[in-house]
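Please read the structure below before turning to the comments.
Each reported figure results from applying straightforward, stated rules to the coordinates on display, with no laboratory input. Predicted, not measured: the structure shown is a model, and the values here were computed from it. Using ideal geometry, Cβ is built from the backbone for each residue, glycine included, and neighbour counts are taken over all protein chains shown.
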Amino acid sequence: MKSQSIDRRAVLKGIAGTALALPALEAMGSEVAGQVPRRFCALYTANGMSLPKAEHKIDQWSWFPRQQQDGQFVFGESTKPLESFRNQLSFVGGLYHENGLKSDPHTCSDMWLTGAPLHDETRDSYNSVSLDQVVARHTKGHCRQPSLVLSIDAGVGFLSRTGTISYNHAGRPIPAENNPRQVFNRLFRADVGALNARRDQLRRQIKLVDAVLESAKSFDKQLGQTDRQTMQQYLASLDEVESRLAASEKWTDIPLKQQDYSHLDLDVSPEQDPASYYRTMFDLIALAFDADITRSIAFMLNREDGMGISDTFPLKLGLSRTHHNLSHAGDKAGQLEFAKYDRFLSEELAGFFKRLNSYQDSQGTVLDNTIVLYGSGASTTHQPRNLPTLIAGGTNMGLQHGVYHAEGKTRMANLQLSILQAMGIEQDTFADSQGTFTDSVFRS
């Protein structure tokens, strides 16, 4: 029997008559079904990486490669767990944010994905849109959630001690989530009843905030600048959650991809077991990508300047100092321990890459169709130059790996613009970019 091809413009009628484009199906023909998702994942670790002083003679523990063999870079001890992914990742040195050289060094996580002029007191908004949210704007029509914003600590933190690396198009921080069970339920257990209940709660909260702001105006009792910013930030966060709910509603009649969740430990505590916590969060990211729930994810693994529970993770792993203290270590023992904590993070990252490689798209693995940006907003001890950066995945988007690009100095925004263009997002500039990063990984 001859099969009939389904129109690629086919739509389903969702809730309240909302028109919803069907996902790519084999019955639509190879041209449509072959269009695999293009995804982006930003992973941030605070306090820089260990780049030991030459006098200590422990170059083998440098996060950036310092040796070559047979024309290839040699993985150091702190990144050796990633060695099996050589053909799927690259190191990039010499990166910097132009505005990072002018700003308080503690704001490096605030600007990592934005490059905003945070030092400029005349600016209209605190920040500008982050890279993950630019991606989300272009991919949200194809998936259930525009983006997923995660952090070791929930919420947004505060000025220069941010708890999120994501900022909306108005430059306001997007609250991050950190509870594995809550993240799982939002992604994989949404239903109409729960969505409606959450929406009613949000509307009550929004009305309350609006009333406070209107009352201050009506009675000429203006809130102080800090309080007003806090209230507006809170209102923006509610709007963000409401937009997520609206996105979820459109997909409630379309079943999720069948997946195995049995390996997840949704009650894991970061205070008790940092490794298991990171593993669970990375597994949730991989599952979300595999099910095409979202195509843009940002995860803040650690916070700057000793903030939050993650600062104590080195102690829980048997090291002698906190993460922030290790980043300031000038002695050999301290710099070696700092590098050992970098190795711990590399082990978790390797597990994440392995999981992404285990999931198959119609063409290649999920990692082949995902660009992962991993790095920090400082090289070491709050230095805003030579930002430690690793790019992984995206080989089906033209990325070429197995290199360590260490030459010259390049604006981080140039690299970020190249990521957008590799994803098929037609954009000529991003932040303060002066062009694209066309060497090594991104080749024109």
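Determine the shape class of region 254-302: with a ≥ b ≥ c the square roots of the Cα gyration tensor eigenvalues, call it rounded for a/c under 1.5, and otherwise prolate if a/b is greater than b/c, oblate otherwise.
oblate
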| note | Once phi for every residue in region 121-129 is put through the Karplus expression 6.51 cos²θ - 1.76 cosθ + 1.60 (θ = phi - 60°), the whole-Hz ³J(HN,Hα) values, with Gly and Pro written as x, are 6, 8, 5, 6, 10, 4, 10, 10, 5
| request: For Asp267 paired with Ser320, estimate the spin-label separation in nm (one decimal), with each label point 7 Å from Cα along the Cα-to-Cβ line. | output: 3.8 nm
| said: I need Leu256, Leu319, Leu131 ordered by Cβ neighbour count within 10 Å, fewest first. | reply: Leu256, Leu319, Leu131
| Contour minus end-to-end for Ser362 and Lys80, with contour as 0.36 nm per residue of separation and end-to-end as the Cα-Cα distance? | 98.5 nm
| field | Order of Met397, Met412, Met281, Met300 under a 10 Å beta carbon neighbour criterion, fewest first | value | Met397, Met281, Met300, Met412
| Taking amide hydrogens as modeled 1.01 Å from N in the peptide plane, which residues meet the under 5 Å criterion relative to Thr389, leaving out close sequence neighbours? | Val92
| Volume per residue of the C-alpha convex hull in region 309-414, rounded to whole Å³ | 137 Å³
| How do Thr162, Thr294 line up, fewest other C-beta atoms within 10 Å first? | Thr294, Thr162
| So for the pair Phe158, Arg443, with labels modelled 7 Å out along Cα→Cβ, what separation do we get in nm? | 5.0 nm
| message | Please state the shape class of region 87-153: rounded when a/c is under 1.5, otherwise prolate if a/b exceeds b/c and oblate if not, all from the C-alpha gyration tensor. | response | oblate
| query | What FRET efficiency do you get for Glu55 and Ile254 if R0 is 51 Å and r is their Cβ-Cβ distance, rounded to the nearest 0.05? | reply | 0.25
